[in-house]
1. Could you list, in sequence order, the residues of region 129-139 that are without any contact (Cβ under 8 Å) to a residue 24 or more places away in the chain and surrounded by fewer than 16 Cβ atoms within 10 Å (Cβ to Cβ)?
2. So V171 passes all but one of these: (1) within 30 Å of I108 (Cβ to Cβ); (2) modelled with pLDDT of 85 or more; (3) not small (G, A, S). Which condition number does it fail?
3. Select from region 56-79 the residues that are touching a helix residue (DSSP H, G or I) at 6+ places or on another chain (Cβ under 6 Å), of a type in the set (A, V, I, L, M) and in a strand (DSSP E or B) and list them in ascending order.
4. Can you tell me which residues in region 56-88 are among the charged types (D, E, K, R), surrounded by 15 or more Cβ atoms within 10 Å (Cβ to Cβ) and either at pLDDT below 85 or within 29 Å of the chain's Cα centre (by Cα) (or both)?
5. All but one of (1) surrounded by fewer than 19 Cβ atoms within 10 Å (Cβ to Cβ); (2) in contact with a helix residue (DSSP H, G or I) (Cβ under 9 Å, 6 or more places away or on another chain); (3) modelled with pLDDT of 90 or more hold for N41; state the number of the condition that does not hold.
Amino acid sequence: MEEKPLLYKIDNLSPHPLNKTLFRSRTQEEIQSLADDIQKNGLIYPIEITPEGVIIKGESRYHAVKLLGWEDVPVVMRHYESEDRTVLELTKDNTGRRQLSFRDRVRIYKHFFPEAFQNGTIEKSRIEEIAKTFLFKTSLVQKDLYQIRSGKHEISKSIQFADLKMAWTNVFPDASISVTDLKNDRFQIQVVTSKNKKKLMFGPGKYSIVMKEAFRAAKSNYFQTAKKVTGEVGDLIRHYRKEAGLTQKQLANKIHISQSYLSEIEKGIIKGSIVVLDDVIYACTTHQSKD
């Protein structure tokens, strides 16, 4: 039975503290637009709150009616069995009303899907559960999972040299990084390791773009796995395939190459490319165990 709304003093309401952590704040223009709509059409949906007056659903409406100078507002009081359930309902309400970017979804995953940021295969049923809970497409959650495992969620708008240095020394402690100005707003970054005898080049291109490219590489599955698994691309492919529980035939079908070609890459007969490895990482990370 639906609870009947009751009037509640606006001054006694407070936003949930996790709302700012999980979602970006509405802009002043967005709040003003909502206030104008409420002024014209009234408050169609009451604000949902806990018995303590903490807002579960309707924080934007709360700010809008405050802007209109209301002293009381219609609310529905909800009694959820736990704080975790309260936060879940708050999040579901927001995901159903907003257009979320990748970064917005990452905030949600950090709270409700922490295994996305850890190593290991995630079952299809878990991915489907997250998608269903937050009204995402399963394919979108799989794509987000791949991007998270590739380190893309950690790439900010501006990468500083200190951030780049820390990222690469975390992979190779003896890494030496140099930036060369090629003039005409074109730069090149070189990462050299004496122990592993690696020499990696990024660019040429605009400074910010090349910095992001080099940072993304340091955070990628390829180099994060390389810290633990010695050898070339073939060794890494074998590592991911076995971790996902796939046969060579199953993996070859997933990435659209022949089994014999995959076998020769794993054996080191043919030198596999980073492109193939990237396909393998994606296939194994989002593996749906139904073969």
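1. Residues of region 129-139 that are without any contact (Cβ under 8 Å) to a residue 24 or more places away in the chain, as a first pass: 129-132, 137-139.
Correct list: E129, K132, K137, S139.
2. It fails just one condition, (2).
3. Correct list: I56, V73.
4. So in region 56-88, the residues among the charged types (D, E, K, R) come out as 57, 59, 61, 66, 71-72, 78, 81, 83-85.
Those left that are additionally surrounded by 15 or more Cβ atoms within 10 Å (Cβ to Cβ): 57, 59, 61, 66, 78.
Selection gives K57, E59, R61.
5. Unmet condition: (2).
For (1) modelled with pLDDT under 80; (2) closer than 30 Å to T121 by Cβ; (3) touching a Leu at 6+ places or on another chain (Cβ under 7 Å), each residue gets a yes or a no:
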| residue | (1), (2), (3) |
| --- | --- |
| R186 | no, no, no |
| M201 | no, no, no |
| F215 | no, yes, yes |
| V229 | yes, yes, yes |
| E232 | yes, yes, no |
| R238 | no, yes, no |
| I255 | no, yes, no |
| Y261 | no, yes, no |
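The values are calculated or read from the model by the stated rules, or taken from the named source; none is laboratory data. No experiment lies behind these values; they were computed from the predicted model shown. Note that we place each Cβ from the backbone using ideal geometry, even for glycine, and neighbour counts take in every protein chain shown.
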